[in-house]
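These notes are about the structure you will find just below.
The values are calculated or read from the model by the stated rules, or taken from the named source; none is laboratory data. Remember, predicted model here, so these are calculated numbers, not experimental data. Heads up, the Cβs are rebuilt from the backbone with ideal geometry, glycines too, and the neighbour counts pull from every protein chain shown.
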């Protein structure tokens with residue numbers, strides 16, 4: 001039996017599927033990607049100032065980076 005380096009107990013069994021929380025965060029990221037296509041051509045199409053698009057893309061980048069940190073935060077090599 002393999003032991004976990006942090007707890008000296010049995011190593012956790014590898015999960016074949018994504019956990020429920022990770023799956024939810026993945027869907028949040030998918031929605032963000034869809035918003036990246038929809039918002040500029042609909043909501044921001046009438047905005048002629050650069051700061052409207054700059055604010056959207058800045059917020060989009062921050063939120064998507066945060067989502068990717070949460071999604072990939074617990075990945076590790078189990079081989």
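In table form, for the structure just shown:
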read-out: Candidate set: segment 11-36, residues that are outside any helix (DSSP H, G or I) and surrounded by fewer than 12 Cβ atoms within 10 Å (Cβ to Cβ); chosen: the one modelled with the highest pLDDT; value: 19
read-out: Count of segment 39-79 residues which are more than 14 Å from the chain's Cα centre (by Cα) and part of a loop (DSSP other than H, G, I, E, B); value: 12
read-out: From the options 39, 63, residue that is closer than 19 Å to residue 21 by Cα, surrounded by 11 or more Cβ atoms within 10 Å (Cβ to Cβ) and in contact with a helix residue (DSSP H, G or I) (Cβ under 9 Å, 6 or more places away or on another chain); value: 63
